[in-house]
Amino acid sequence: MGKIYVVGIGPGNKENMTFKAYETLKNSDIIIGYKTYISLVEDLFPEKLLIKSFMKKEVERCEETLKLAEDGKTVSLISSGDPGVYGMAGLMLEVAKNSNIEIEIIPGVTSSNASASLGGAPIVHDSVNISLSNLLTDWEIIKKRIDLASQGDFVITLYNPKSKGREFLINEARDIMLKYKSKDTPVLIARNVGREEENFVITTLENMLNYEINMFSTVIIGNSNSFILKNKIITPRGYRIIHK
């Protein structure tokens, strides 16, 4: 009987992949994942059997992974970032609930952490992750979560902030946050983190919509104490600093 690994490959480059993730993929018989994620690792493992899947085929992907493992293969099902943060870990465990196949989750560097490192230290204090994708979660529920997180003065990281067909969601999200957060609240927009096209911009809640935001972006909105210093966002934890 084989084994399943659900592996977080990080934001996209080998440098940000953990040693354990790399070794797990190296020692697997088969690597399976969404086509974009497979494209990020195929040059690292040219000798491996790589199986590409497509958007909205997540259940089928997990079912195929389970069947391959039951046939005796060691299979790595990959997610970008961390498989437990909007990744495949939960679904794989659900699909395999009646199987005796061993499943191990291999963590990875998630988008909020990788993006934050580009823009300073914006998530040093209490923060929440909210996905703006309404494919699996009702938009009214997402809006409620944004509202409550803003009321609580959390730093907010927005995943899946914008795509064709739902460009209005980021606009509504910003309007909700502006009810509770200052228009001058620092905002980090990071795009294609860990990939060749990586870039970021630091702006404010008022001006954030003036910059490109897409499905390859992560948007981090500070709290009431966040500030910009030398083009970096800092969200202080409250330490007392005595300058000499």
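What follows is calculated from the coordinates using simple rules that are stated; it is not laboratory data. Fair warning: this is a prediction, and the values are worked out from it, not measured in the lab. Cβ coordinates were reconstructed from backbone atoms using ideal geometry, including for glycine residues, and neighbour counts include every protein chain displayed.
Annotations for the structure displayed:
- Taking Cα centre as origin and charging only the Cβ of basic (Lys, Arg, +1) and acidic (Asp, Glu, -1) residues, the dipole magnitude of region 35-123 rounds to 240 debye.
- Summarising the overall dimensions of region 36-86 from its C-alpha atoms, the Rg and Dmax are 11.4, 29 angstrom.
- Of the trypsin sites (Lys or Arg not before Pro) found in region 47-135, those that fall in a DSSP loop while having at most 15 other beta-carbon atoms within 10 Å are LYS56, LYS57, LYS97.
- Theoretical ellipticity at 222 nm over the chain - DSSP helices of four or more residues, -39500 (n - 2.57) apiece, nearest 500: -8000 deg cm²/dmol
- Sites excluded, chymotrypsin sites (Phe, Trp or Tyr not before Pro) in DSSP loops with at most 13 other C-beta within 10 Å, longest stretch of the chain: 55-238
- With all pairs of separate Cα atoms included, the chain yields a Kirkwood hydrodynamic radius of 19.1 Å.
- Cα-centre dipole for region 74-222 with unit charges at Cβ (Lys and Arg positive, Asp and Glu negative), debye to 20: 300 debye
- Selection from ASN27, ASN160, GLY72, by position along the positive dipole direction of the chain (Cβ): ASN160
- In terms of overall dimensions, the C-alpha atoms belonging to region 10-141 reach 45, 36, 24 Å along their principal axes, ordered largest to smallest.
- Ranked packing of 128-134, 187-193, most packed first, by mean Cβ within 10 Å: 187-193, 128-134
- Fraction of beta bridges assigned by DSSP in the chain that are antiparallel (%, nearest 5): 40 percent
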